[in-house]
Amino acid sequence: WEQVVGEFRALPVAEFAARCGVDEGLLRSAARRIAAADSVAVFEDLGVQMNRHNTLNSWLEKLLWVLTGNFAKPGTQYVPTSLVALIRGDAPNAATKHSPVTGSRIINGLVPCNVIPDEILTDHPARYRAMLVESGNPLHSLADTPRMREALRSLELLVVIDVALTETAREAHYVLPAQSQFEKWEATFFNFDFPHNVFHLRKPVVAAPDGPLPEPEIHARLVEALGVYDSDALAPLHAAAAVGREAFAAAFFEATASNPALAAVAPVVLYRTLGPTLPDGAASAALLWGAAHRCAMSNEASVRRAGFTGEGLGLGESLFEAILAGHHGIEFTLDGWDDVWGRIGTADGRLQVHLPELLDELRGLAADAPITSAEWPLVLSAGERRSFTANTIIRDSSWRKRDADGALRMSAEDAAAVGVADGGVAIITTPRGSAQVLVEISPMMQPGHVSLPNGMGLDQPTADGSPRAGVAPNELTSSADCDWLAGTPWHKSVPARLTAVG
């Protein structure tokens, strides 16, 4: 860490303060206050995560609390228990994997979204030829919609699993309709509380209509149609499940250990064999049986502090029983601060702060060229969260109580320079495209910065799918504009200009 701190001493703080429009004295005062505070906690979000130098930004944000000792003690940063991991962590010191065509880093099992079209639109022998899209809308949500549309249309097979006929679903060869979150067993895995970690398995709120299926049934049918395993291989598991979960556990572990095909689709196997034995038709919750056992084995002390008992598999079973019965949520672990250090996941159990690639990028910041120019005098945030936007979930603009048209927000100074009034109409243009927008003059916007909301420009639920309300932001973004390391799009930093209409 000494070398990292030494790099900061060489930074031109006054110059950087002037660039961001913040008084240097205020910056230095804030830094000293953080360094002297008894506890500091930081929440990072999309403003820095989808902007230029975004991987560097995330690293710098973490250095803010790592170098000041604000980790694993009351009032500071922590790593909570998770019943189910949201991302697939790479093994410590494992060789970095790369995508087959562009050679982009695959981090935590994820291909950078901005390179997907380049992984498709090529004659490379390992190009992506098929895609299964579930509960996602890449034709609207990912950068460079025109290029994404071209890529999806060139696939040999595109299958979409969703509750709505989304923009992506309209391009699919097959659409498999799923039950909505109100019509099926549902759970959320975003538990950020500490030390009390809560999990909630919810029953269906309303009856599902005929036709749509829960996702586990859809996946099970696909796996079976592909012939991934012989259905006879499940017979011993069915028999064991009928006896009880203790017998089932022994049979399941033996079957998946001896049959790699079953192990590869363990969630489907659990759904088909254990699922029918669960109470109240909760077959879709069978996956949580395995999750409860993994949680109990990996976080035994935290699970016991939450009040669960049992030896061996009994601890996981008691946790699973509570999940099934606790329809208003259960506290599944009670963490201690010492537990946090065990969840870092590095080979030596330490937080790694010395990253040479990011240090090189830090040294080059002073030479950064300005984003704006005479041709592109504005910076567009393409996808601002607002009170009545929700990714691509709100498909009927009449549900929005405010800002139904998704206005372009801008400062009074920029509006005067362009010659457009509040409520007026203008054309927003970026290097990738143009769109007509309604203008809202807002005191929240600094000069030079304009913003469009996310989740707009969707096909309306009418017979012809029109008209659209607002602008689809990714009609204006380019897939080439992304972080060099992680491939994250720069949605919050798009060069733009505005022209008044009428």
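The values are calculated or read from the model by the stated rules, or taken from the named source; none is laboratory data. Values in this document were obtained by computation on a predicted structure and should not be read as measured data. Don't worry about glycine lacking a Cβ; one is built from the backbone with ideal geometry, like all the others, and counts go over all protein chains shown. Just so you know, the surface numbers come from the protein's heavy atoms only, side chains and all, with ligands and any DNA or RNA stripped out. Shrake-Rupley method; radii C 1.70, N 1.55, O 1.52, S 1.80 Å.
Using heavy atoms of the protein chains and a probe of 1.4 Å, the accessible area assigned to Tyr128 is about 60 Å². Centroid-to-centroid, using Cα positions, the range 157-210 and the range 395-474 are 29 Å apart. A helix-only calculation puts the chain at -9000 deg cm²/dmol for mean residue ellipticity at 222 nm, using -39500 (n - 2.57) for each DSSP H run of at least four residues, averaged over all residues. Relative to the compact-globule estimate of 2.2 N^0.38 Å, the Cα radius of gyration of the range 162-304 comes out at 1.17. Largest first, the residues Ile428, Ile344 sort by 1.4 Å accessible area into Ile344, Ile428. Given +1 at the Cβ of Lys and Arg, -1 at the Cβ of Asp and Glu and no other charges, the dipole of the range 290-394 around its Cα centre is 240 debye to the nearest 20.
Of the beta bridges in the range 123-228, as assigned by DSSP with both residues counted there, near 25 percent are antiparallel.
In units of the rule-of-thumb radius 2.2 N^0.38 Å, the range 342-400 shows an alpha carbon radius of gyration of 2.02.
Taking 56 Å as R0, compute the FRET efficiency from the Cβ-Cβ separation of Glu413 and Asn259 and round it to 0.05.
Values: r = 68 Å, r/R0 = 1.21.
About 0.25, to the nearest 0.05.
Charge dipole (Cα centre; +1 on Lys/Arg Cβ, -1 on Asp/Glu Cβ; no other charges) of the range 104-202 amounts to roughly 60 debye. Farthest towards the positive end of the charge dipole of the chain, among the residues His124, Gly424, Val111, is the Cα of Gly424, using unit charges on the Cβ of Lys, Arg, Asp and Glu. Structural descriptor for the range 275-391: relative contact order 16 percent, calculated from alpha carbon pairs under 8 angstrom and at least 6 residues apart. Accessible surface for the chain, divided over its residues, is 51 Å² per residue with a 1.4 Å probe.
Each of the peptides 366-373, 413-420, 327-334, 354-361 was scored by the mean count of other Cβ atoms within 10 Å over its residues; in descending order, highest first, they stand as 327-334, 413-420, 354-361, 366-373. For the range 274-377, the average shadow cast by the Cα convex hull is 13.6 nm², which is a quarter of the hull's surface. Computed in the context of the full set of protein chains, the accessible area of the chain at 1.4 Å probe radius has 57% of its extent on carbon or sulfur. Report note on the peptides 202-214, 160-172: ranked by the mean count of other C-beta atoms within 10 Å, highest first, their order is 160-172, 202-214. Between amide H atoms placed 1.01 Å from N, distances below 5 Å from Thr488 occur with Asp483, all of them 5 or more places distant or on a separate chain. For the range 303-310, 3J(HN,Hα) computed residue by residue from phi via the Karplus equation (6.51, -1.76, 1.60; θ = phi - 60°) reads 5, 5, 4, 7, x, 8, 10, x Hz, glycine and proline entered as x. Here the range 343-378 is scanned for amide nitrogen atoms under 14 Å from the site 7 Å beyond the Cα of Glu15 along Cα-to-Cβ, giving 362-370. Summing Cβ point charges (Lys, Arg +1; Asp, Glu -1) relative to the Cα centre of the chain gives a dipole of roughly 480 debye. Taking all protein chains together, Trp65, Trp337 sort by accessible area into Trp337, Trp65, largest first [probe 1.4 Å].
The largest accessible area among Phe199, Phe388 belongs to the first residue in Phe388, Phe199, and the rest follow in falling order (1.4 Å probe, all chains). DSSP beta bridges confined to the chain are antiparallel in about 55 percent of cases.
Available extension along the chain between Glu300 and Glu7 is 101.3 nm, counting 0.36 nm per residue and deducting the alpha carbon span.
Rounded to the nearest Å, what's the spacing between the alpha carbon centres of the range 11-53 and the range 223-266? Just the number, please. Going from one Cα centre to the other spans 54 Å.
Shown here are the Rg and Dmax of the Cα trace of the range 410-502, at 14.6, 44 Å. Measuring only protein heavy atoms, the 1.4 Å probe finds Cys113 accessible over about 40 Å².
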